[in-house]
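The values are calculated or read from the model by the stated rules, or taken from the named source; none is laboratory data. Predicted model only: the values in this text are computed from it and were never measured. We place every Cβ from the backbone using ideal geometry, glycine too, and count neighbours over all the protein chains shown. Remember, those area values only see protein heavy atoms, side chains included, never the ligands or the DNA or RNA. Shrake-Rupley method; radii C 1.70, N 1.55, O 1.52, S 1.80 Å.
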Amino acid sequence: MPTLTKLYTMQEASQHNTKDNCWVVIDGKVYDVSTYLDDHPGGDDVLLDATGRDATEDFEDAGHSKTAREEMEAFCIGELDTTSLDIPELEIFSKNQPTDYPKKLVDLTKRYWAVPAAVVGISVVVAVLHLRKK
């Protein structure tokens, strides 16, 4: 029989991202770890970095013990609402980033002009040395 717990969206959980009010989402459950920040063996910054997103992978990668998994149940305040599509996604882009490849190639060539110049220079030296041998 399913248990009745409060459902939170990822957007709601991500708003609790301060030292005084810190929620993390792990395995579809929402945990209020505000009172545990000072006691966390990895430091409070680890938990603060895990807010606003699904931290399941980070939690698993850290290799938490069975005791740690049992202790965290005391901080569970609800479950993640998976029916909501309000999960914010991180977008990283630059306004100066060229969108087409020819322009990007020209920009890279301008930035790293020494590489093509060195290739041409070495080719000329090799050609001259090769012609001297003959």
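If you go through the range 35-68 and keep only what is assigned to a helix (DSSP H, G or I), within 24 Å of Gln15 (Cα to Cα) and among the hydrophobic types (A, V, I, L, M, F, W, C), you end up with Leu37, Val46, Leu47, Leu48, Phe59.
For the range 43-74, a residue qualifies if it is of a type in the set (Lys, Arg) and either surrounded by 15 or more Cβ atoms within 10 Å (Cβ to Cβ) or on the phi > 0 side of the Ramachandran plot (or both), and exactly one does: Arg53. Hey, can you tell me all the residues within the range 1-42 that are of a type in the set (Val, Ile, Thr) and open to solvent by less than 30 Å² (accessible area, probe 1.4 Å)? Thr9, Val24, Val25, Ile26, Val30, Val33, listed by residue number.
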